[in-house]
Each structure stands twice: as structure tokens, then as C-alpha cells.
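Each reported figure results from applying straightforward, stated rules to the coordinates on display, with no laboratory input. All values derive from a computational prediction rather than experimental measurement. Note: ideal-geometry Cβ built from the backbone for every residue, glycine included; neighbour counts use all protein chains shown.
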Amino acid sequence: MFARRIAVIGTGYVGLTTGACLASLGHHVVCADVDVAKVERLRAGKVTILEPGLAELVAEGQAGGRLEFVVGAAAAVGDAEVVFLCVPTPMGQGGAADLAAVESVISEVRTILPVGSIVVNKSTVPVGTAARVSNLLKRKDVPVVSNPEFLREGTAVHDFLNPDRIVVGCDIQDAAERVAALYSRLGAPTVLTDAASAEMVKYAANCFLAMKLSYVNAIAELCERLGADVADVTEGMGYDRRIGQSFLQPGPGWGGSCLPKDTQALLQVAAAVGYDFSLLQATIDTNTHQRQLIVAKIREAAGGRLRGRRIGLLGLAFKAGTNDLRDSPALAVAALLRAEGAELTGYDPGIDQHVDGVRVVSDPYEAAKDADTVVVLTEWPEFRGLDWTRVGELAAGSVVVDTRNHLDPDALRRSGLTWWGVGRGHLDLGQDLAAVI
Ligand code: UDX
């Protein structure tokens, strides 16, 4: 494999992971960010994103002279052969992606990009963006390639270095092949296609995952009402290779920095081309409804009302292994609980910052202290190993609502607590099933 000179614009979790991993594959990488303080921190080896292995890779790259950090895109692209755009593409008005950051980078670098270099879109951008960027660039000698990332937060480094597939799209085949060659050491299946198709892969995949989760959450609710056990149901489903075991875990709804944004964006794009994507709309609506179902369960556990009730929240991040609160279902549930007058204390191993409406504490037992109901919202492994007898002694109430089916129900029972999961029949409607159906 030939080592290439690469610029990565944006050092968020996608950019920093991309930069550090490409450096670990032997490339020379210059990462740029507009945030001066962030660049200084990175230069000093301080990585604030909680990603296993990332800080080590950054240190390794810097020590090996293959990874550097600079302020501003212009300072990074001078002799780059490939320029990765990893800047935010937040949800803009009406759900379409906001491309202001991409546009601003392009206007900054368009005249100084080396002849024959390649611009790569890594951020999730609407179908047609590669063509738009190409128009903004006005450089016939610089092809624009779409190379979507499929990194999950919390396992981003692992996902980058062990990808299920690499997708590279460009209307100029040679440019797509040159970008694909950057990853050749990974030996992953590679899909070479046109730019629009590569852009579509990302949306099609993420919206499918969201749909799978909404479907599972709906099945979980049905299981609960029918007295079935969703854990056994999903296990039985998952052995069908066409379905697979992953992404079948019910929860408080899906969230994070990608799925909510991508589902909205595809819905918007569909509407723009006159397609009523009701399946995707239902996926989103089911997710909103899921949060309400979880709140109803907590209300019931707290004795039928939430006003003045103390609720201890275990987990605030949108999933375990990250300190990311963006579109966290835990926070969505917390906001609904607050709106009904509950008093919230929350603990999350990754979070120490202020969270609106929640008193954030640094110890899980403090979150449980005097709580009328303890609620698990994020599946941090350490919650399984808590001293549940101690939780039972500290809490005022005895019901633990486990929105992730994460805890061991027997261990809780032995500790004198009542475990309520999701889709595992706590309502006991099963007994009357014959009468209902
Ligand atoms: C997602 C995609 O997986 C990734 O390919 C894409 O590049 C970015 O978006 P991420 O947002 O990091 O990654 O999280 P992911 O692990 O996909 O989880 C998304 C949400 O679904 C979380 O709220 C998670 O808790 C929830 N989830 C996931 C479930 O509720 N059940 C599951 O079985 C899996």
C-alpha cells in the first residue's frame, strides 16, 4: 500500500477517528479544526471524546510523526493528495441537512487545493451533495468522492479498523479507486459506485436500523400486553439469518447523533421528490411513542402520578460507552418526567456536566437515595454489578424500571426489589389472554 498525504477537516468524533486510524494505517495525516483551543488540546495529546483506543492511536500517530493538528482547513490542505470533509452537517430547518460548514470549508480551500487532489465527503450529507460540492469547487481537476462512515459511537476505532464494508462513490472511477486504496490494508468488502448511490447507502442503512429498532420496540409492547417475553422472541427471530441478532434490543427509543438526524433528512428528501415515505414516518412516530410508553411505565411504578415523585435515573447518554448526550432517549424521557413534575437525580459514568432539569450526581447510590423509583435508561455494564441490596435500602420505593432489559431480574428479586423490564410481561395480562382474544 502506498502511504498518502491526507488532510482531515473537522476533529469531531468522525474526523478524529478517521485521522487517527488513517495515520495508524501508515498515511501522513494533517487534521484541521477551527476551534483553536481544541487544536491546542489535541497537540498536547488530550482527547476529550470517550472512544476506546482513540487517545492511544492519537498518541501513536503523533509520536510516529504521521499525525498533526493545525488550525483552519487552509493550513492542512497545502500538499494533500486527499482531503476528507468531516465537519458537522446538523439537521437544518424542516429536517434537511444544513451544509453551511461544508460550504465554508470549500470556499476556504477551493483555490489552494493541489492540482489533481481529491475531496472526500465523509459526513452524512443528502444525496446530490457531492455534485453540489463539485459545483462550489469549480475545479475540474479535483474530483469529489462520497465515502460515508459507518462508525458507531463507543466502538468507532474498532469499526473503522474492522469495517463490514467500505463504500466509495464518485462519477470518476479512478478517483473512487484511489480513495478505496487508502483502506486496502483492511481487506474489507468494497463497494465502488457513483456518488449519489454512495450517499444513499448511508441513509438507507441508518433508516433501516431505525426501522428495525422501532419495530422491535413495538413488538416489545405487544409482548408485554400479550404476556410474551420479548427476549425469547427476539432470540428466536435473530437466528433467521435474514434478520440477524443485532439491533434487536428494545429500549427507551433510539437516539444519538445519527439516527434521528438521518431519518428526518431522508423523509425530507423523499417529500422533496414527491414520495410519501409513510414507513419512515411511522418509524419516527413509533420512537416518539416509545418514550411516552416508558414514561407511563415509570408513572405506574411511582404509584400512578409523577408530580413531586423522586426518580433516580441511571444513565443519561444515548447509549453505553459514550459521553454523548445528543438526542439521547434518556434525556427525552427525563424531559417528559419533568413536565409531569417529577424530581430527577441522575447518574451516568460518562457524564459530569450540567443537564437541564436533572440533578447530576457522581455516584449511582446517590441517584438511588430516597428515589420513589429507580430507572435504568442507558445500558452501562457497571449497572449490572451494583450492590442492589444497598440500592434497595437507600431508595424509598422498591420498583426498578429497567428500560433496556439490562439487569438480572433474579438478582434484583433476591435484593428485595421488583424488576420491571420492557416487553417481558410485568402487567400480567397474559393470565387473561384467553378472555381478551
Ligand atoms: C449509528 C449507526 O449504527 C452507525 O452505523 C452510523 O454511522 C451512525 O449512527 P450510533 O449513533 O453511534 O451509530 O449508535 P448505535 O449503536 O447505532 O445506536 C443508536 C441508538 O439505538 C442508540 O440510542 C442505542 O441505544 C439504540 N439501540 C441500538 C437500541 O435501542 N437497541 C439496539 O439493539 C441497538
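Results, tabulated for the structure shown:
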{"quantity": "Value of relative contact order over the chain, rounded to a whole percent, pairs C-alpha under 8 Å and six or more apart", "calculated": "13"}
{"quantity": "Rounded, prolate or oblate (a/c below 1.5 giving rounded, otherwise prolate when a/b exceeds b/c) for the range 5-193 by Cα gyration tensor", "calculated": "rounded"}
{"quantity": "In the range 3-77, trypsin sites (Lys or Arg not before Pro) in a DSSP loop with at most 11 other beta-carbon atoms within 10 Å", "calculated": "LYS46"}
{"quantity": "In the range 220-313, the chymotrypsin sites (Phe, Trp or Tyr not before Pro) that fall in loop regions by DSSP, at most 13 other Cβ within 10 Å", "calculated": "TYR239, TYR275"}
{"quantity": "The chain shape via C-alpha gyration tensor axes, a/c threshold 1.5", "calculated": "prolate"}
{"quantity": "Residue of ILE294, ILE166, ILE112 that the Gaussian network model of the chain assigns the largest fluctuation, springs spanning Cα pairs under 10 Å", "calculated": "ILE112"}
{"quantity": "The range 144-234: trypsin sites (Lys or Arg not before Pro) in DSSP coil with no more than 16 other Cβ atoms inside 10 Å", "calculated": "ARG152, ARG165"}
{"quantity": "Of the DSSP H helices in the chain, those whose Cα atoms cover at least 30 Å axially and whose Kyte score averages -0.5 or more", "calculated": "195-226, 278-301"}
{"quantity": "Cα-based Rg of the range 206-420 normalised by 2.2 N^0.38 Å, two decimals", "calculated": "1.03"}
